[in-house]
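Laboratory data are not the source of any read-out in this text; all were calculated from the coordinates shown. Source: prediction; values computed, not measured. Because the Cβ atoms are built from the backbone with ideal geometry, glycine has one as well, and the counts that use them run over all protein chains shown.
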């Protein structure tokens, strides 16, 4: 889906033109391909849909006062879209974003919104192959507390000339900050392809409220 300014050379556009659908949501005007919804086919897709349904139901089961508090929270904070425009999210979407991460950890949901969307867990994180022909390791410079975590995403072996592509990422593992050692292997040496290859990674640090940092990106060129 593409965010646009003045879609179809107009101030606003809504509806279907051929195979394209135009509309507007909280992040701005958009144009997307008209596509029929599909049912999830992989275990990961099924899990994501299940988590979304479960968290959505949890929001609807909140008291009216708590739902109002989440909506007030949303009104106080804007987020930039891909065009750099300031947009507002809904209280429901903030709740889903925070709580879905906590549910993946098996942690109880946070009923009330935090004071701000900025995460409090900001460790130094590195990803590197520290020894030739060795594994790729995750390094963490700051220990965390209960319910804080580091999420690691990565690609398979890629050609070195391949540009960074976020869509090729998949979640590799979630590490509990309280029990995470200083260095932990995230890709074994036997899984690496040496020579003209690379591995791309992203990490997000998530605090006890489910608030996440912006992704940190790493590219590792395995050496034999």
- Message: Test of understanding: what is the full-extension gain from residue 108 to residue 161, defined as 0.36 nm times their sequence separation minus their Cα-Cα distance?
- Response: 14.8 nm
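With the cut-off at 1.5 for a/c, could you classify segment 43-104 from its C-alpha gyration tensor as rounded, prolate or oblate? Show your work: numbers first, answer last.
On the way: a/c = 3.07, a/b = 1.23, b/c = 2.50.
Oblate.
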- In nm, spacing of pseudo-spin labels at residue 69 and residue 171 (7 Å Cα→C-beta vector): 2.6
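What is the extension gain from residue 122 to residue 181, computed as 0.36 nm multiplied by their sequence separation minus the C-alpha to C-alpha distance, in nm to one decimal?
Details: separation 59, 0.36 × 59 = 21.24 nm, distance 1.62 nm.
Gain on extension, residue 122 to residue 181, equals 19.6 nm.
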- Message: Need one word for segment 125-220: rounded, prolate or oblate. Basis is the Cα gyration tensor (sqrt eigenvalues a ≥ b ≥ c); a/c below 1.5 gives rounded, then a/b vs b/c decides.
- Response: oblate
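Looking at the square roots a ≥ b ≥ c of the eigenvalues of the Cα gyration tensor of segment 175-224, which shape do they give, rounded for a/c under 1.5, prolate if a/b is larger than b/c, or oblate?
Here segment 175-224 falls in the oblate category.
When the chain is fully extended, how far beyond the present Cα-Cα distance does residue 188 get from residue 42, taking 0.36 nm per residue of separation?
50.1 nm
At R0 = 25 Å, how high is the FRET efficiency between residue 131 and residue 214 if r is their beta carbon distance? Nearest 0.05 is fine.
On the way: r = 30 Å, r/R0 = 1.18.
Between residue 131 and residue 214 the formula returns 0.25.
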